[in-house]
Amino acid sequence: MPKNKKILLVIEDQNLDKILTYLLKAWNYDVILCYDGNQALALASQQYPDLIIIDAHCAKIDGLKLCKILKYDFVTSYIPIIILIEKKQLRRSLLDIEQGVDDFLIKPPDPIDLEIRIALSLRSADHQFHANALTKLPGNKSIEKFVKSYLNENKIFSFSYLDINNFKSFNDKYGYMAGDMVILQTAKIITSCVKRSGSAGDFVGHIGGDDFVYLTTPNKEEQIAQECINEFDRLIPLHYSARDRENGFIKTKDRGGHMADIPIMGLSIAVVNNRSTKVHSVFQLIEITFEIKKFLKKKHTSNYLINRRVTDSGSDNRQALQEKYTHELKNHHQHPKTSKPLGQMMLETHLINEEQLKEALNYHWSTGQRIGEAAVSLGFFNEEHLKRLLEHQPLFHQTQTQS
């Protein structure tokens, strides 16, 4: 049975919200209700609604301004938005509507018009394929459009291509569902790091499979890369069994079909910026990042490398380039943080088992609740157990990606 579509309703008028909530539920939509713009921003990035309906007269943040913020954020930019606006406000706000809104209705909306507009917006979103179905991050078309706009506007930017080492081997041994959980975890790590340490207007995209990209400014590229690797190395081992974590590898077939010891997954990040030399095309950008990625993938462990050239060095200089990459790689590699993921702490103290952890992680990703709160909501233990666990872990921070 297909899941109901989820609609975020942002409305200050409590009389109108009751009517709209009743109608939406009658049309078999799941409704997330909030009354101000700040709450709407948090819910949109945590709950991943299929559609957002916003009252133009919204508390805390003006409804039209809220639309622009949502469309500017890479996490929520793909979500269709319908604005409810008064007729007298329509003419003076027409430009704002064109820049940040997918559709609008005069307030109060006619129920038949509303039902049709919702259905059309959802159908259009399904057909555009601009967002990855699993992670909800912008996909290839959006990535290409974003990079081209930077190139056309001659902006100084840094482009990073991220790839998970040994993901195929993990996927083969543990299965596609476990593989999807790793992809979701990685997406969460990247988006959290870029949002926390990046610049305004940064972008994160999901090419597909285990390949991601992010765009930021050159002064932020190294910090984000380090944080992504630190968090990845801290959290990803939890997706393995206790025995495989302890061994540091899994026994499975390699790409040649032979049984081998495959190391725990790592993260390779190839970074290119146009600070000193002009990048002429998306093709050139991809070509350079692929060369760096190919070098990094030989290392198996998590590493990043920032490109120091743009034009091709030619075959005569390949050896010198490889030696330079090796030298820079040593300088860039950082040790991961020592704090444990909360999920690992819950396993080690026997508050939950492996299956319950998987269930809690899925609940965490689908609702936006922290992993500990998700486990409490699912009834695996109570809040007092969680409080005691956190009190005995001074290195643990609630702001960490899996929390």
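Bear in mind that the values in this text are calculations on the coordinates, not laboratory data. Bear in mind the structure is a predicted one, so any value in this text is a computation, not a measurement. Every residue, glycine among them, receives a Cβ derived from its backbone with ideal geometry; neighbour counts consider all protein chains shown.
Numbers for the structure displayed
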| quantity | calculated |
| --- | --- |
| Mean shadow area of the range 187-251 over all directions, Cα convex hull, nm² | 5.2 nm² |
| Theoretical FRET efficiency, 1/(1+(r/R0)^6), r = Cβ-Cβ of residue 241 and residue 90, R0 60 Å, to 0.05 | 0.55 |
| Cross-link pairs beyond the 28 Å C-alpha cut-off, checked among 5/173; 173/293; 6/68; 148/298; 220/358; 3/253 | 5/173; 148/298; 220/358; 3/253 |
| Ratio of Rg to Rh over the range 6-128 (Cα coordinates, Kirkwood Rh, two decimals) | 0.92 |
| Whole-number D in µm²/s for the range 140-332 (Stokes-Einstein; Kirkwood sum over Cα pairs; 37 °C, 0.692 mPa s) | 188 µm²/s |
| Relative contact order of the range 140-332, defined on C-alpha pairs under 8 angstrom at six or more residues apart (%) | 26 percent |
| Listed peptides 102-111, 12-21 by packing density, highest first (mean Cβ within 10 Å) | 102-111, 12-21 |
| Mean projected area (nm²) of the alpha-carbon convex hull when the range 342-391 is viewed from all directions | 2.9 nm² |
| Spatial separation of Cα centroids for the range 215-248 and the range 1-42, in angstrom | 36 Å |
